[in-house]
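Any read-out appearing in this document is the output of simple, stated calculations on the displayed coordinates, not a laboratory observation. Note that the structure is a prediction, hence the values are computed from the model and not measured. Neighbour counts run over all protein chains shown; Cβ positions are idealised from the backbone, glycine included.
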């Protein structure tokens, strides 16, 4: 190759290099909601060890994990991982904690004190879906929440927030979102004290929101509307506000915002503690399949990363947890109830979910490759 040709090629490569160096980093939106996953260790299932699970979650870019039925091994595995934890106290403890604060102290000594702050615990949910799954415990819920909060403060731990996880069916109807309210009589005798506590302690409203279940109970809802599919006519307008909703997830979140506002509690942060889509189901559940599960979860992450929030609140939910890490093979009920997991038992993903939400690694790799190539070429000539 002639010297002039080599110089021209080298000049071209240097131009490419300079262009790559100037590649802008991805735009960071003002609101960056946290996207996590729910992890529960089923005693009857042969699941991978917690340390292996944590390693896989870190490699996937997962930054937040909600732990159902926490135990020593799981929480210890997350120490120094950089992953934020939302712990859920089993419903079986609620009555005892409500009756005696010492029961809350004992639970904290088992599951928080030995690991905090090495394990980054940010929130504790006192119970899960109590109003639906354990209605007999409803009267004990507020006392249990307060006792856990007071026990944390007595232990000198003030940065862990306390709340409870509520089912979406406490809402009268999500259509239209602006008219949604909490069902009566629960609105006054249980929801009001919960909202008062959350406001006083600067905590968050925790809700399980499943567009799949709402879609199943409302046949008039198009499947694409539930799966974040984008097209010009895929929206529903709130007749009261005139706001257009382009997916069912936003409808549900804003229904919660409206219900809180109707009780004079605006601006409370919302955490969606469970959402997702089943990857398999019975014959009468054709929409429960891997393709739709992938479409929902990938669409959910893309929507949350967009920074658009919801029509009612620009920041949207502050945290959203996909349900769940593994299938529950031993669970009773419809087949779809057992197939919400996104990981196989060998720790491979059923389908890719872009948890990290960034292409910085690609940009950095591209720059590094061009630099190396240019240096190698310069050495050869």
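Taking a ≥ b ≥ c as the square roots of the eigenvalues of the Cα gyration tensor of the range 30-380, is the shape rounded (a/c under 1.5), prolate (a/b larger than b/c) or oblate? Oblate.
Name the residues of the range 152-183 whose amide N is less than 15 Å from a point 7 angstrom out from the Cα of residue 201 along the C-beta direction? The answer is 152-166, whose backbone nitrogens lie closer than 15 Å to the label point. Arranged from fewest to most other beta-carbon atoms within 10 Å of their beta carbon, 66, 246, 335 become 335, 246, 66.
Bridge orientation summary for the range 30-380: considering DSSP beta bridges with both residues in this region, about 10 percent are antiparallel. The protection proxy used here, the mean number of other Cβ atoms lying within 10 Å of each residue, ranks peptides 151-161, 208-218, 285-295, 251-261 as follows, highest first: 251-261, 208-218, 285-295, 151-161. Given their separation in residues at 0.36 nm each and the Cα-Cα distance between them, residue 188 and residue 55 gain 43.4 nm when the chain is fully extended. Multiplying the residue separation of residue 102 and residue 229 by 0.36 nm and removing their Cα-Cα distance gives an extension gain of 40.7 nm. Neighbour counts of C-beta atoms inside 10 Å place 340, 277, 189 in the sequence 189, 340, 277, starting with the fewest. Note on residue 244 and residue 349: the extension gain reaches 34.4 nm, defined as 0.36 nm multiplied by sequence separation minus the Cα-Cα distance.
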